[in-house]
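So the structure is just underneath, and the comments pick up after that.
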Amino acid sequence: MVGRRKALLCTLCFLFVSLPSLSSSSSSLPAFQTLLPNSHSLPSASPVSFQPDSESLLGSEFESGSDDSESSSITLNLDHIDALSSNKTPQELFSSRLQRDSKRVQSIATLAARVPRRNVTHAPGFSSSVVSGLSQGSGEYFTRLGVGTPARYVYMVLDTGSDIVWLQCAPCRRCYSQSDPIFDPRKSRTYSTIPCSSPHCRRLDSAGCNTRRKTCLYQVSYGDGSFTVGDFSTETLTFRRNRVKGVALGCGHDNEGLFVGAAGLLGLGKGKLSFPGQTGHRFNQKFSYCLVDRSASSKPSSVVFGNAAVSRTARFTPLLSNPKLDTFYYVELLGISVGGTRVPGVAASLFKLDQIGNGGVIIDSGTSVTRLIRPAYIAMRDAFRVGARTLKRAPDFSLFDTCFDLSNMNEVKVPTVVLHFRGADVSLPATNYLIPVDTNGKFCFAFAGTMGGLSIIGNIQQQGFRVVYDLATSRVGFAPRGCA
């Protein structure tokens, strides 16, 4: 009888640790969960998942800055940027992703560490040294939306680490290759330039002014050398059946960089010029996304704007304010558990955002691999190595220093990993931290250390969760199994 009772308890324990979970308490954390290596491989460049463009689908219209209390919800499919690179092998795609990731992290760290400039004046033009701090990364996920009237449909990257909305525009002095025809504002009935004296222009971190036309100019530069320069303007954006009028965006006539076929970028940052910042009243200042594990699921990722973005199963943690930078979403990370036990060397003080805006932890959709301040990463990594000591080690790979040979293995037990945010413990599925890096069965621990003071929670660790940004109450939430 006792033996059967123990067996039943073990069965229940196995079922519990096989699922991602959230709790408000760190007690009774399971030590191990199951990973199925053969069911996960490097994702390939699968076809995009969008419905055909159709003017007949258009429905409601509203102003981006409207105070209308009536809210709407919009749901859009997302695809990974690799879907626009069908000529590359899975290994090439993964290597490119890691290279983009490294440059993005460097760029974010540089921006977060800078001293903010005050009383920026409007120069008549741009010099090569002007770098806008409003957007620092080209992102990893994109959607399809209409620009102008009549709507011209293009692919746009969505990025929580950026504020500016921009796209390539004709006439092009210099443009990179994109999948759709370049948008021509001269053919749109709703396109309008912005005067240099307007509030939108003054909100730009570094603004220029066309002295002849008295219109606002913008420039955004990225850490990898990519940039976009052009007219700051307003235009109508179409999301399925909804038109959003008067969105301030950059119409780029001089663009260069590694934007992988997308026409531009829809900034989802915390700043006032981001899409949520401009349309917050209409969507009740709420949006969320769920990013699928592309190595194991054919479901599309998605983004939702409006009240429908908030999941009932989400656990929330407060958003913190950085006094010198309002773009990024800062949260409070109190500690990390590995194998059911809090890691002693990972203290809340390591992740503290200080009074002048240094350090801290941000949630970012455009960074792939989570970066932790190095002392915290080393303590966490060492704890994981101890818990995974029965697995066969493999050589390091790229930025990953803890890898395993799981070839020909159908099932392995791996230590659990839990991120302890204030108010929410986020228990990661095994596939969110032990990932394939080649086609030969090598899996690596998908975290990395950083020498800077800023830590970044990346999109690999966010996979499968609906990540909810409730800006009305200044909080971000995590709902497990949120992509259904």
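The values are calculated or read from the model by the stated rules, or taken from the named source; none is laboratory data. Note that the structure is predicted; figures quoted are calculated from it, not measured. Heads up, the Cβs are rebuilt from the backbone with ideal geometry, glycines too, and the neighbour counts pull from every protein chain shown. Heads up: the accessible areas ignore ligands, DNA and RNA and are worked out on the full protein's heavy atoms, side chains in. Shrake-Rupley method; radii C 1.70, N 1.55, O 1.52, S 1.80 Å.
Measure out, as a whole number of angstrom, how far apart the alpha-carbon centroids of segment 153-182 and segment 424-484 sit.
So the separation of the two Cα centres works out to 27 Å.
Between ARG374 and SER474, how high is the FRET efficiency from 1/(1 + (r/R0)^6) when r is the Cβ-Cβ distance and R₀ = 22 Å? Nearest 0.05.
Computed FRET efficiency for ARG374 and SER474: 0.15.
Starting from the 7 Å offset along Cα-to-Cβ, what nm value, one decimal, do you get for the label separation of LYS392 and LYS214?
My value for the distance between the label points is 7.4 nm.
What is the extension gain from LEU36 to SER321, computed as 0.36 nm multiplied by their sequence separation minus the C-alpha to C-alpha distance, in nm to one decimal?
So the extension gain works out to 98.6 nm.
Per residue, how much accessible area does segment 393-484 have with a 1.4 Å probe, in Å²?
31
Over segment 350-411, calculate the relative contact order: mean separation of alpha carbon pairs under 8 Å at least 6 apart, over the residue count, as a percent.
18
Run the quick spin-label model on THR110 and SER179: label points 7 Å from Cα toward the beta carbon, then report their separation in nm to one decimal.
Using points 7 Å along Cα→Cβ, the separation is 2.9 nm.
Scan around ALA446 for amide H atoms under 5 Å from its own, H built in the peptide plane at 1.01 Å from N, and keep only partners 5 or more places away or cross-chain.
For ALA446, the qualifying residues are LEU434, ILE435.
If you average the alpha carbon positions of segment 229-273 and of segment 315-344, how far apart do those two centres end up, in angstrom?
Segment 229-273 and segment 315-344 have Cα centres spaced 30 Å from each other.
Averaging sequence separations of C-alpha pairs under 8 Å and six or more residues apart, then dividing by the length of segment 428-484, give the relative contact order as a whole percent.
24
Under a crude label model (7 Å from the Cα following the beta-carbon direction), how far is CYS172 from ARG189 in nanometres?
Each label point lies 7 Å from its Cα, and together they span 2.7 nm.
Provide the solvent-accessible area of ASP101, counting protein heavy atoms only and rolling a 1.4 Å probe, rounded to the nearest 10 Å².
So the heavy atoms of ASP101 present about 0 Å² to solvent.
Keeping all protein chains in the complex and leaving out DNA, RNA and ligands, what accessible area do you get for TYR155 with a 1.4 Å probe, in Å² to the nearest 10?
So the heavy atoms of TYR155 present about 30 Å² to solvent.
Express in Å², to the nearest 10, the accessible area of ASP82 obtained by rolling a 1.4 Å probe over the protein heavy atoms while all chains stay in place.
Accessible area, nearest 10 Å²: 10 Å².
So what's the Cα pair-distance distribution over segment 205-329, bin width 10 Å, in %?
With 10 Å bins starting at 0, P(r) equals 10, 32, 36, 18, 3, 0.
Given the pairs LYS245/LYS286; LYS187/LYS286; LYS245/LYS272; LYS103/LYS352, which are separated by over 21 angstrom at their Cα positions?
LYS187/LYS286; LYS103/LYS352
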